[in-house]
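S.K.: Right, I'll just put the structure down here and ask away after.
Where a number appears in this text, it was derived from the coordinates with a stated rule and is not lab data. In this text the structure is predicted, and so the values were computed from the model without any measurement. Neighbour counts run over all protein chains shown; Cβ positions are idealised from the backbone, glycine included.
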Amino acid sequence: MNSRLISLDFFRGFTIAAMIVVNDPGSWKHVFKPLRHAEWHGVTPTDLVFPFFLFIVGISIVLSLSKIEKLDFSTYLKISKRTIILFSVGIFLALFPNFDFSNIRIAGVLQRIALVYFLCAVIYLNTKPFYHLWIGAVLLIVYWIFMTKVPFGNTLAGVLEPGNNFAAWIDQFITPGKFYQKTWDPEGFFSTIPSISTGISGMFCGHIILNKNKSLKDKIILIYLYGSLALFLGMLWDFSFPINKNIWTSSYVLFSSGLAMLFLASFMWIIDYRKNQSYSKFGIVFGSNAIFAYVLHAILGNLFYLPVIEGKGIQECWMYFGISTGLDPKFISLIWALFYTFFIYVITKEMYKHKIFIKI
């Protein structure tokens, strides 16, 4: 079987499209609850977008690095180069458009993707597949121990409050720059430890996909099975270590990775096994230039705030006129998010038509 699954490209594009939708409402004051992150413990559909992408990164590592015939210095050089570029683009987005270096935020989405990619790639190249799950499990257990059993500062062990937990305390020493939430950051460096396990869960599925001894149907069944197991374990662990995206708890890793496996298996069944690809073009277009689409949406979003009418930007005018019609402001806000996502899609579709693929 060709290791390049159409369903994987679709899943990647579907995830990027979801990222754009949740990141670009017409107004942050008017957003449907499922399109917001959980305030603290718990999970919403929005909380699944980022781990889904890290999961896909893990699969991509296996599919791409498995083609290497000879491991040498150039391989590590390519991995390091890609990591540095991803991290640097994340820093650029944090600075854009004001470039205020005195208030720079070092942690961020692309920065975490870069770190997870690098560490998972190193794990893949230096350990056998059998050990990958064990490494992922150890990381989750070690993180759980630190977060729930180790006291910090003047606080007792096990406190899991916003800005008052072991990860936030450690980040004060190891994460440079300002934090997203003043005293803590959802993409802080210490909570990157369990996110490596999210990438490893993708690597695990990548090995299943590359298994030449199993049919596509058997692979789908296996991914469904392991996804259901991970989902169950995550929900079980939630009772003692709550599912929480902000501090990327171990239960959150298992829960989100389990759902990612179920999504992947479903897409594989519909798109690759049943050959029902008529509605997959949208996701494939986004997936072919995923990182570029993410960066583009972050940069162009500022243009819609440029004053056009009475000092209001296009986005603000949309909300103003939409609300004046008497429609639900949350609905108007959602329509804008969908419009903006379609706007980015039109650009990426033209690139796709002309076979322009920006790879890092």
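S.K.: What number results when the radius of gyration of the chain, computed over Cα atoms, is divided by 2.2 N^0.38 Å?
M.R.: Compared with the compact-globule rule of thumb, the chain sits at 1.01.
S.K.: What percent does the relative contact order of the chain come to when contacts are Cα pairs within less than 8 Å and at least six residues apart?
M.R.: 28 percent
S.K.: Over the residues of the stretch 1-118, compute the C-alpha Rg and express it relative to 2.2 N^0.38 Å.
M.R.: Rg over 2.2 N^0.38 Å, computed on Cα atoms: 1.27.
S.K.: Something else: To the nearest 0.05, what FRET efficiency results for Ile91 and Ser278 with a Förster distance of 35 Å applied to their C-beta separation?
M.R.: 0.30
S.K.: Taking GluC sites (Glu not before Pro) that fall in a DSSP loop and have at most 10 other Cβ atoms within 10 Å as cut points, what is the longest piece of the chain between them?
M.R.: So the longest stretch without any such site is 70-309.
S.K.: What pairs from Lys281/Lys349; Lys78/Lys212; Lys29/Lys312 go past 18 Å between their alpha carbons?
M.R.: Lys78/Lys212
S.K.: In sequence order, what are the phi-derived ³J(HN,Hα) couplings for the stretch 46-52 according to the Karplus relation 6.51 cos²θ - 1.76 cosθ + 1.60 with θ = phi - 60°, rounded to whole Hz, with x for glycine and proline?
M.R.: After applying 6.51 cos²θ - 1.76 cosθ + 1.60, I find 4, 6, 8, 5, 5, x, 4 Hz.
S.K.: Further question on the same structure: Enumerate the calculated ³J(HN,Hα) couplings along the stretch 121-130 in order (Karplus 6.51 cos²θ - 1.76 cosθ + 1.60, θ = phi - 60°), each rounded to whole Hz, writing x wherever the residue is Gly or Pro.
M.R.: For the stretch 121-130, the Karplus-derived couplings read 5, 5, 4, 4, 6, 10, 9, 7, x, 4 Hz, x marking Gly and Pro.
S.K.: Starting from 0.36 nm per residue, how many nanometres of slack lie between Phe99 and Asp218 once their C-alpha separation is accounted for?
M.R.: My answer for the length gained is 37.7 nm.
S.K.: How much of the calculated P(r) for the stretch 60-204 lies past 17 Å, in percent of all Cα pairs?
M.R.: So the portion of pairs separated by more than 17 Å is 66 percent.
S.K.: Do any of Lys81/Lys128; Lys217/Lys359; Lys67/Lys219; Lys33/Lys149 go past 22 Å between their Cα atoms, and which?
M.R.: Lys81/Lys128; Lys217/Lys359; Lys33/Lys149
S.K.: Another question, then. Using DSSP to define loop residues, name the trypsin sites (Lys or Arg not before Pro) in the stretch 268-360 whose beta-carbon has at most 11 other beta-carbon atoms within 10 Å.
M.R.: Arg274, Lys275, Lys355, Lys359
S.K.: What is the distance, in nm, between label points placed 7 Å from the Cα along the Cα-to-Cβ direction at Trp40 and at Thr75?
M.R.: Taking the two extended label points, one gets 4.6 nm.
S.K.: Starting at the first residue of the stretch 73-87, write each ³J(HN,Hα) from the Karplus equation 6.51 cos²θ - 1.76 cosθ + 1.60 with θ = phi - 60°, in whole Hz, x for Gly and Pro.
M.R.: Once θ is set to phi - 60°, the couplings for the stretch 73-87 become 4, 4, 5, 5, 5, 5, 5, 5, 4, 5, 4, 5, 5, 4, 5 Hz.
S.K.: Continuing with the same structure: Compare Phe14, Phe282, Phe304 in a GNM of the chain, Cα atoms joined below 10 Å, and give the one with the largest fluctuation.
M.R.: Looking only at Phe14, Phe282, Phe304, the biggest GNM fluctuation is shown by Phe304.
S.K.: Can you list the trypsin sites (Lys or Arg not before Pro) in the stretch 52-161 that are in a DSSP coil and have 12 or fewer other beta carbons within 10 angstrom?
M.R.: When the trypsin sites (Lys or Arg not before Pro) of the stretch 52-161 are filtered for loop state and at most 12 Cβ neighbours within 10 Å, Lys67, Lys70 remain.
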